[in-house]
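The values are calculated or read from the model by the stated rules, or taken from the named source; none is laboratory data. Remember, it's a predicted structure, so these values are computed and weren't measured experimentally. Note that each Cβ is placed from the backbone with ideal geometry, even for glycine, and that neighbours are counted across all protein chains shown. What goes into the accessible areas is simple: the full protein's heavy atoms, side chains included, and nothing from ligands, DNA or RNA. Shrake-Rupley method; radii C 1.70, N 1.55, O 1.52, S 1.80 Å.
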Amino acid sequence: MPQLIMADEDGVLEMLRDSVAAFAQGRPGPQSLRRLRGAEADLDLAQWQEMAAAGWVGLMLPEALGGADLGIRQQAVISHALGQALIASPIATASVLSSALLTRVADSPERQRLAAGLVQGTCIVVPAVTAGSDGEAVTARLLAGGVLLDGRRGFIEAARSASDFLLLARAGDEDLLVSVPGNAEGLERADRPGVDGGVISSLRLSNCLVAGERILARGDLRGMLEASINLARTALAAELAGIASQAFALTRQYTIDRKQFGKPLASFQVLQHRLVDLWAEAEFACSAVVNAVERLEQGHEREARLAVYAAKARAGDAAAFVGRQAIHLFGAMGFTDECDIGLYLKRAINLGAALGQPESLRVQFIQEERAA
Amino acid sequence: MSIDWNGLPDEEFRAVFRAWVLDNCPAELRYLRKQRPVYEEVEQWYQALAEKGWLAPVWPREYGGMGLSPAKHMIYVEEWGRLGCPRIPDHGISLTGPLLIHHGSEAQKTEFLPKIISGEHIWCQGYSEPNAGSDLASLRTSAVLDGDAFVVNGQKIWTTLAHCANWIFVLVRTDREAKPQRGISVLLVDMTSPGVEVRTIENLRGEADFCEVFFDNVRVPAHNLVGALNDGWTLAKSVLGHERIFLGSPTRAEYALDRLGKLASDRGAFEDAAFVSRYARLRLDLYDLGSSYERYAKVLRSGGELGADVSVLKIFATELYQRITEEMLTLAQEEARFNDDLLIEGGQIDAMNLFLDARAPAIFGGSNEIQRNILAKAVLGLPS
């Protein structure tokens with residue numbers, strides 16, 4: 001079934017796949033997603049800490065920061081496997097994006113503290129760096145006693161559980177990256193239910209004063225931010241490709257097992273051709289992710305950026321397409337809440353829209369390609 | 001010709017090949033509008049390749065080929081496409097040659113292979129019949145042994161470039177009693193034999209690429225049977241090896257998208273958000289086709305073999321080619337009513353030509369529905 005096919009001389013990738021599969025045996029993804037929904041919780045903390053214990057959180061942090069110093073290749077394999085197992089977690093943001101930001105800022109005690117906590121699962125370090133779709137941003141004023149923050153940030157996962165936010169703010173003509181305590185005074189949170197059962201929050205900061213030693217970086221941070229977001233997009237693309245792969249596999253099996261008119265559904269040619277199309281979408285999503293990983297590893301910035309846009313767009317569309325078709329092929333069962341296949345679609349919709357949905361990434365691809 | 005091409009680093013081989021092609025492929029033959037020129041039109045190019053020893057990239061060197069590995073062959077094909085070299089009548093090179101090399105007798109190899117390399121024999125392939133297209137196993141053209149010759153009767157159709165070929169290899173039924181897939185044999189037929197008649201068929205683009213070939217009591221020497229009697233089905237299926245990847249090559253779609261981009265720039269369509277959205281989808285589909293193609297190419301480069309799953313490229317590539325050309329007609333607006341080319345600043349765009357051309361690849365080489373059947377069975381393991 002669809003898989004990220006990459007060279008694996010030392011067998012590390014296979015080992016990572018196996019470890020996620022074993023993890024999923026003990027903590028089936030759909031079950032914990034349902035539990036999360038029932039509790040109206042924003043994070044399955046026990047699951048997250050077990051993931052940290054397995055070494056997947058902060059995987060890409062350098063060893064000096066307590067990480068495993070592994071690359072986007074290993075991260076993509078883990079994310080794909082998590083997607084397959086439908087283990088819903090903020091891995092792309094609270095691990096990949098936060099780690100990428102922490103890797104890129106100058107060393108400081110605050111950086112050390114956050115990185116160590118992130119890897120151990122004791123700090124939940126949540127990025128709050130992208131503008132909300134309402135275009136509002138956060139402004140900062142540098143005072144003697146620290147930095148005063150005002151503004152809003154939207155679309156934040158695990159905000160309730162966050163111990164620290166990595167927040168981007170604008171101070172005059174420079175950017176600041178500040179770690180804001182989750183319980184800071186002047187920080188208000190508004191929660192909305194996510195389609196897949198999680199919680200997505202927005203933050204409002206009014207006269208929120210943060211100590212000066214929590215300023216992690218300042219200057220023109222656009223390049224650092226973009227590079228970090230593109231790693232997170234790649235992780236999301238891998239997770240989406242995993243969702244597409246597994247939603248296809250479940251649908252294939254269901255149509256083989258389910259008999260109507262005395263024959264398996266999968267023996268009807270009209271459904272066979274549709275299943276081939278679903279499989280092809282999942283395969284293309286996997287190839288696109290592998291391409292993004294390889295371009296990132298090669299280090300040509302522009303090529304890597306385009307490859308990431310393409311992978312996130314392809315995987316997002318593929319996961320949603322396979323999910324929709326899967327529900328249809330499961331028939332009335334597919335429309336029930338009891339049947340897990342619907343969870344794959346909902347998760348696909350959520351991740352597909354995060355950090356750039358397919359249509360906007362495609363247009364961005366064209367604009368950058370034509371600008372060259 | 002003592003150079004071991006496979007021993008060269010990929011990029012060096014690519015550079016050597018490119019440089020030679022630029023020097024030797026006549027400029028007026030490059031980026032031809034015509035998809036399938038006849039031998040006379042491309043003779044100079046054909047002979048240049050033959051003389052250089054570069055006509056048959058994958059044939060073993062002992063038979064006059066280059067003996068390229070699949071990896072080097074990929075480069076050969078990529079550069080050929082990228083430089084806009086015209087397609088040559090290549091059935092002898094890509095089909096008859098490999099068939100004889102793998103299944104032919106020594107006498108057949110000695111007689112036929114040098115004449116393919118020299119251009120003396122131009123081959124065509126007689127598979128499809130009026131009632132045996134995708135369902136090739138139900139073919140009816142018959143061959144009955146009469147002394148030292150087979151007597152062939154029947155009709156082939158969609159025989160590409162038969163009108164400029166002098167030899168044809170045909171699938172014929174040699175046992176009527178056997179199951180459909182058994183009882184088929186492969187014969188090599190001299191098209192100048194009495195009783196062979198060729199009629200061209202005009203296609204949608206107004207060209208005559210393919211033909212009907214009629215056989216009326218044509219006597220074919222028995223020693224022109226390839227392989228064992230009644231074993232032709234297996235032989236026919238084995239001819240295409242790693243070359244199946246080329247059915248899914250992005251080349252046609254790439255060329256069409258380039259044309260679409262030029263037309264769009266000329267018409268100011270990149271200012272139109274709705275067009276940009278549609279164009280972006282096509283561009284990204286092409287980009288992702290490239291990533292997927294690369295994944296299969298990598299298998300070949302590392303010495304692996306392709307599975308049945310490579311068919312997915314053919315489906316995606318040919319359907320994308322169609323969609324790109326459809327967008328050209330949308331962009332052309334009322335000019336889509338014209339049969340001739342669209343004029344742009346400093347050139348022209350053959351939108352209608354490409355739109356019509358794009359109908360064919362989804363049908364030939366095993367229609368896309370046949371490809372889906374293959375994938376459903378061989379890759380997805382779906383029940384019958």
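Which one of B:Tyr255, B:Tyr287 is surrounded by 19 or more Cβ atoms within 10 Å (Cβ to Cβ) and either assigned to a helix (DSSP H, G or I) or within 12 Å of chain A (Cβ to nearest Cβ) (or both)?
B:Tyr287 is the lone residue from the list that is surrounded by 19 or more Cβ atoms within 10 Å (Cβ to Cβ) and either assigned to a helix (DSSP H, G or I) or within 12 Å of chain A (Cβ to nearest Cβ) (or both).
Given (1) at the interface with chain B (Cβ under 9 Å from one of its Cβ atoms); (2) open to solvent by 50 Å² or more (accessible area, probe 1.4 Å); (3) of a type outside the set (D, E, K, R), identify the lone condition not met by A:Ser360.
Status for A:Ser360: all satisfied but (1).
State the number of residues belonging to segment B:331-371 that are within 14 Å of another protein chain (Cβ to nearest Cβ) and without any contact (Cβ under 8 Å) to a residue 60 or more places away in the chain. Working first, answer last.
So in segment B:331-371, the residues within 14 Å of another protein chain (Cβ to nearest Cβ) come out as B:362, B:366-371.
From the residues that got through so far, the ones that are without any contact (Cβ under 8 Å) to a residue 60 or more places away in the chain too are B:362, B:368.
Final tally of qualifying residues: 2.
Residue-by-condition table, conditions (1) basic (Lys, Arg); (2) outside any helix (DSSP H, G or I); (3) over 17 Å from the mean Cα position of the chain (by Cα); (4) more than 8 Å from chain B (Cβ to nearest Cβ):
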{"site": "A:Arg274", "(1), (2), (3), (4)": "yes, no, yes, yes"}
{"site": "A:Ser287", "(1), (2), (3), (4)": "no, no, yes, no"}
{"site": "A:Glu297", "(1), (2), (3), (4)": "no, no, yes, yes"}
{"site": "A:Arg302", "(1), (2), (3), (4)": "yes, no, yes, yes"}
{"site": "A:Ala310", "(1), (2), (3), (4)": "no, no, no, no"}
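From the list A:Ser179, A:Ser163, A:Ser201, which one is without any contact (Cβ under 8 Å) to a residue 60 or more places away in the chain, among the polar types (S, T, N, Q) and assigned by TED's automatic domain parsing to the domain that holds A:Val129?
On the way: A:Ser179 fails: without any contact (Cβ under 8 Å) to a residue 60 or more places away in the chain; A:Ser201 fails: without any contact (Cβ under 8 Å) to a residue 60 or more places away in the chain.
When all the criteria are applied, what remains is A:Ser163.
Of everything in segment B:88-115, what is over 19 Å from the mean Cα position of the chain (by Cα), more than 23 Å from B:Gln47 (Cβ to Cβ) and not in a loop (DSSP other than H, G, I, E, B)? Give them in sequence order.
Correct list: B:His102, B:His103, B:Glu106, B:Ala107, B:Gln108.
Output the qualifying pairs, or none if there are none: Cβ atoms under 9 angstrom, residues six or more apart or on different chains, first residue in segment B:303-322 and closer than 14 Å to B:Glu369 by Cβ, second residue open to solvent by 10 Å² or more (accessible area, probe 1.4 Å) and among the basic types (Lys, Arg).
B:Ser311/B:Arg244; B:Ser311/B:Arg372; B:Lys314/B:Arg244; B:Ile315/B:Arg372; B:Thr318/B:Arg252
Residue-by-condition table, conditions (1) open to solvent by 10 Å² or more (accessible area, probe 1.4 Å); (2) closer than 25 Å to A:Leu240 by Cβ:
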site	(1), (2)
A:Gly71	yes, yes
A:Leu86	no, yes
A:Ala106	yes, no
A:Leu142	yes, no
A:Ile156	no, yes
A:Ala159	no, yes
A:Leu167	no, no
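Given the condition in contact with a strand residue (DSSP E or B) (Cβ under 9 Å, 6 or more places away or on another chain) and either of a type outside the set (Val, Ile, Thr) or part of a helix (DSSP H, G or I) (or both), answer yes or no: does some residue in segment B:72-87 qualify?
No, segment B:72-87 contains no residue that is in contact with a strand residue (DSSP E or B) (Cβ under 9 Å, 6 or more places away or on another chain) and either of a type outside the set (Val, Ile, Thr) or part of a helix (DSSP H, G or I) (or both).
What about B:Leu55, is it open to solvent by 50 Å² or more (accessible area, probe 1.4 Å) and under 17 Å from the mean Cα position of the chain (by Cα)? Don't jump to the end; show me each part of the working.
Details: open to solvent by 50 Å² or more (accessible area, probe 1.4 Å): no; under 17 Å from the mean Cα position of the chain (by Cα): yes.
Criteria not met by B:Leu55.
Pick out the one residue from B:Ala178, B:Ala107, B:Ala165 that is over 30 Å from B:Gly67 (Cβ atoms), among the hydrophobic types (A, V, I, L, M, F, W, C) and open to solvent by 10 Å² or more (accessible area, probe 1.4 Å).
Numbers: B:Ala107 fails: over 30 Å from B:Gly67 (Cβ atoms); B:Ala165 fails: over 30 Å from B:Gly67 (Cβ atoms).
Of the residues listed, the single one that is over 30 Å from B:Gly67 (Cβ atoms), among the hydrophobic types (A, V, I, L, M, F, W, C) and open to solvent by 10 Å² or more (accessible area, probe 1.4 Å) is B:Ala178.
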